[in-house]
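Let me begin by presenting the structure, written as structure tokens, before commenting on it.
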């Protein structure tokens with residue numbers, strides 16, 4: 001009997017490992033559809049950023065209430081994995097609570113701690129559910145959240161709650177079985193929180209309890225594996241990608257826009273300065289589709305958990321414009337996913353007649369941005385929606401020449417009058433004469 | 001009167017004499033052409049004269065940094081501007097620049113190095129703070145004593161470059177009551193003009209950004225909205241006019257406030 005369950009367990013592990021692994025490779029491929037960009041300089045600074053921002057949740061604490069609730073789930077997620085380790089080892093070795101004899105009287109302390117975390121996770125999930133569906137916080141009900149994004153968010157909360165209840169039910173049933181001296185359920189000491197299940201279970205037969213305990217055990221571990229697979233299709237992927245995403249953060253001042261070196265080369269040759277010979281194939285200026293963005297832009301998109309802090313702080317969005325930085329990230333991800341899946345299936349990929357610019361993100365959104373960096377500042381995991389917006393503006397200006405008339409006039413003023421307004425360049429210094437005269441007449 | 005002579009040397013003049021300034025004052029297009037912001041340029045030059053900093057300007061040799069072109073997507077135009085400016089700056093062997101425009105500040109400081117223009121760049125708030133710290137500017141005229149002043153963070157000074165303290169230190173020197181808006185510093189709300197929005201009509205929405213920000217500034221009860229940016233100056237002044245508060249509330253630059261407190265405006 002144990003052997004069969006061990007084999008089933010190994011099979012479950014292998015199958016889920018296969019599917020999760022395949023998905024991870026697919027996501028990696030999709031991200032690498034983006035252009036190269038070096039983000040490997042200053043490794044110590046990067047490590048520090050990752051430890052502070054992802055591991056230490058530094059940017060979350062700008063809003064203390066959601067930060068605290070999120071911390072409960074996050075710590076729960078990190079530490080309950082230790083219990084999952086025991087479950088996995090038990091599953092493989094056919095043991096039951098493998099760590100109990102090893103850890104002795106410390107074992108119930110540890111389990112009590114995990115149960116406490118489980119209660120914390122349940123508490124946070126319930127509050128998050130209320131914030132989303134009862135209080136209807138504005139950032140959760142914006143237009144881009146209609147349909148799948150809201151269902152996705154709700155499913156995550158429900159699944160996490162169910163998984164935590166599975167732990168508690170498993171431990172509760174175990175305790176009753178222990179107290180009855182049922183074989184294979186050695187005494188481990190009392191568990192506090194799951195103890196509340198004991199009165200509920202005490203009227204049940206040994207067999208029913210064993211079924212409950214086993215079902216919860218299997219439910220918990222299979223649930224976790226299924227959830228891990230689900231996450232690869234969900235906004236919840238941030239639990240993993242937050243780490244590399246913060247490691248590869250932009251460490252430069254936020255105001256700096258990336259220089260286009262291919263343009264530098266052309267400008268140099270126009271100005272008669274020494275320049276490299278032009279490349280055989282001139283790459284597209286700016287971004288029309290995901291392959292024109294950098295891999296980091298695409299990782300940003302996959303790391304986004306759609307919390308909406310960016311959109312909440314966006315001056316364009318709060319004054320009713322079409323732009324939502326969160327929607328920029330969501331659309332980039334959708335397009336990367338569409339192209340990547342199509343390529344994997346031997347489909348048309350990038351050549352499907354669609355593009356990120358135009359079919360997913362429109363001009364009105366891009367033109368509404370004030371480049372104020374509020375979205376970048378607000379993101380708890382250093383996602384940069386602004387750089388995507390700017391790359392698409394470059395496409396508009398340099399490939400499509402479709403910038404608004406008033407911008408074209410500004411361009412012309414800069415070219416001919418060397419200022420964005422149409423003043424005679426010879427008037428540039430007249431303020432000095434005015435000032436000298438004013439001072440002398442004082 | 002000889003006391004009232006203001007010196008505004010250009011780089012060309014200094015170079016002809018074989019001299020070099022300690023710092024270049026980059027005036028910027030708004031500081032050169034915009035009637036309102038010319039007053040800021042003048043106030044700052046008066047302060048530089050008073051404290052005797054050896055500065056110079058480029059005069060007619062200065063041209064747009066290219067900031068609005070780059071942010072509107074026109075990288076070619078930006079780089080053309082940047083390279084010709086860098087040629088001029090490097091030609092004069094400039095090492096240190098101060099400007100009263102956060103957009104120029106950001107571009108010169110962060111974006112010119114990639115094109116061969118490497119300078120130490122300061123926003124004028126940093127120089128003003130330095131002068132206050134050194135006791136060269138006392139600003140204790142008392143013109144603003146106890147007055148409520150709120151500071152509007154420019155995005156290109158604040159979030160873009162993490163300069164939050166210098167402007168506030170300058171305002172503290174005025175002995176005024178500094179009141180913060182609900183959204184300030186890292187959370188400061190944009191005036192609506194950045195990213196080349198200054199040069200186009202806003203997109204369709206239900207409100208203008210500068211109105212949203214002005215309302216927030218007026219909510220503090222401050223009689224002076226201080227700023228350190230020409231675009232913010234325009235947007236906030238328009239907002240105050242829109243709210244018909246121009247009789248009660250002024251939008252002033254940091255340099256103007258200091259110059260007035262020093263009684264040299």
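The values are calculated or read from the model by the stated rules, or taken from the named source; none is laboratory data. On a predicted model such as this, the values are computed, not experimentally measured, just so you know. For neighbour counting, all protein chains shown are included, and Cβ atoms are generated from backbone atoms with ideal geometry for every residue, glycine included.
Would the range A:193-206 turn up any residue that is closer than 20 Å to residue A:87 by Cβ and either over 42 Å from the mean Cα position of the chain (by Cα) or outside any helix (DSSP H, G or I) (or both)?
Yes, the conditions are met somewhere in the range A:193-206.
So which residues in the range B:175-187 are within 12 Å of chain A (Cβ to nearest Cβ) and touching a helix residue (DSSP H, G or I) at 6+ places or on another chain (Cβ under 8 Å), if there are any at all? Can you show your working first?
If we filter the range B:175-187 for residues that are within 12 Å of chain A (Cβ to nearest Cβ), which is where we start, we get B:183, B:185-187.
Matches in the range B:175-187: B:183, B:186, B:187.
Among the listed residues A:415, A:364, which satisfies the condition of being touching a residue at least 24 places away in the same chain (Cβ under 8 Å) and part of a helix (DSSP H, G or I)?
Going through A:415, A:364 in turn, the sole match is A:364.
Could you please give the count of residues in the range A:211-246 that are buried (at least 18 other Cβ atoms within 10 Å of the Cβ) and more than 24 Å from residue A:156 (Cβ to Cβ)?
Qualifying residue count, the range A:211-246: 2.
Residues of the range A:428-442 being at the interface with another protein chain (Cβ under 8 Å from one of its Cβ atoms), exposed (fewer than 13 other Cβ atoms within 10 Å of the Cβ) and not in a helix (DSSP H, G or I), which ones?
A:442, the sole residue that qualifies.
Give the residues of the range A:145-157 that are under 21 Å from residue A:239 (Cβ atoms) and surrounded by fewer than 17 Cβ atoms within 10 Å (Cβ to Cβ), sorted by residue number.
A:148, A:150, A:151, A:154, A:155, listed by residue number.
Here are B:95, B:99: which of them is surrounded by fewer than 20 Cβ atoms within 10 Å (Cβ to Cβ), away from every other protein chain (no Cβ under 12 Å), closer than 29 Å to residue A:264 by Cα and modelled with pLDDT of 95 or more?
Working: B:99 fails: surrounded by fewer than 20 Cβ atoms within 10 Å (Cβ to Cβ).
Result: B:95 is the single residue among B:95, B:99 that is surrounded by fewer than 20 Cβ atoms within 10 Å (Cβ to Cβ), away from every other protein chain (no Cβ under 12 Å), closer than 29 Å to residue A:264 by Cα and modelled with pLDDT of 95 or more.
Residue B:172 - would you say it is free of Cβ contacts under 8 Å to residues at least 24 places away in the same chain, farther than 24 Å from residue B:65 by Cβ, surrounded by fewer than 21 Cβ atoms within 10 Å (Cβ to Cβ) and touching a helix residue (DSSP H, G or I) at 6+ places or on another chain (Cβ under 6 Å)? Show your work before the answer.
Numbers: free of Cβ contacts under 8 Å to residues at least 24 places away in the same chain: yes; farther than 24 Å from residue B:65 by Cβ: yes; surrounded by fewer than 21 Cβ atoms within 10 Å (Cβ to Cβ): yes; touching a helix residue (DSSP H, G or I) at 6+ places or on another chain (Cβ under 6 Å): no.
Here the answer is no, as residue B:172 does not meet what is asked.
Restricting to the range A:91-103, give me the number of residues that are out of contact with any helix residue (DSSP H, G or I) (no Cβ under 6 Å at 6 or more places or on another chain) and without any contact (Cβ under 8 Å) to a residue 24 or more places away in the chain.
3
What number of residues within the range B:64-91 are under 19 Å from residue A:423 (Cα atoms) and outside any helix (DSSP H, G or I)?
Qualifying residue count, the range B:64-91: 3.
I'd like to verify a number: residues in the range B:247-263 that are surrounded by fewer than 16 Cβ atoms within 10 Å (Cβ to Cβ) and modelled with pLDDT under 95, how many? Steps first, please.
Here is the first cut: in the range B:247-263, the residues surrounded by fewer than 16 Cβ atoms within 10 Å (Cβ to Cβ) are B:247-248, B:263.
If we keep only those that are modelled with pLDDT under 95 too, we end up with B:263.
Summing the residues that are surrounded by fewer than 16 Cβ atoms within 10 Å (Cβ to Cβ) and modelled with pLDDT under 95 in the range B:247-263 gives 1.
Would you list the helices (runs of 4 or more DSSP H) that sit entirely within the range A:240-328 and hold 3 or more residues that are modelled with pLDDT under 95? Before the answer, list the steps.
Working: elements: A:261-270, A:295-303, A:309-313, A:315-318.
Once the helices (runs of 4 or more DSSP H) in the range A:240-328 are filtered for at least 3 residues that are modelled with pLDDT under 95, what remains is A:261-270.
Out of the residues in the range B:108-162 meeting the condition of being touching a strand residue (DSSP E or B) at 6+ places or on another chain (Cβ under 9 Å) and part of a helix (DSSP H, G or I), tell me which one is nearest to the other protein chains (Cβ to nearest Cβ).
Among those that are touching a strand residue (DSSP E or B) at 6+ places or on another chain (Cβ under 9 Å) and part of a helix (DSSP H, G or I), it is B:110.
Out of B:77, B:58, which single residue is crowded, with 18+ Cβ neighbours inside 10 Å, over 25 Å from residue B:261 (Cα atoms), in contact with a strand residue (DSSP E or B) (Cβ under 7 Å, 6 or more places away or on another chain) and at the interface with chain A (Cβ under 10 Å from one of its Cβ atoms)?
Numbers: B:77 fails: in contact with a strand residue (DSSP E or B) (Cβ under 7 Å, 6 or more places away or on another chain).
Sole residue among the options that is crowded, with 18+ Cβ neighbours inside 10 Å, over 25 Å from residue B:261 (Cα atoms), in contact with a strand residue (DSSP E or B) (Cβ under 7 Å, 6 or more places away or on another chain) and at the interface with chain A (Cβ under 10 Å from one of its Cβ atoms): B:58.
Within the group A:343, A:361, A:388, A:381, which residue is closer than 30 Å to residue A:243 by Cβ, more than 8 Å from chain B (Cβ to nearest Cβ) and over 23 Å from the mean Cα position of the chain (by Cα)? Let's see the steps before the verdict.
Details: A:361 fails: over 23 Å from the mean Cα position of the chain (by Cα); A:388 fails: over 23 Å from the mean Cα position of the chain (by Cα); A:381 fails: over 23 Å from the mean Cα position of the chain (by Cα).
Of A:343, A:361, A:388, A:381, the one residue that is closer than 30 Å to residue A:243 by Cβ, more than 8 Å from chain B (Cβ to nearest Cβ) and over 23 Å from the mean Cα position of the chain (by Cα) is A:343.
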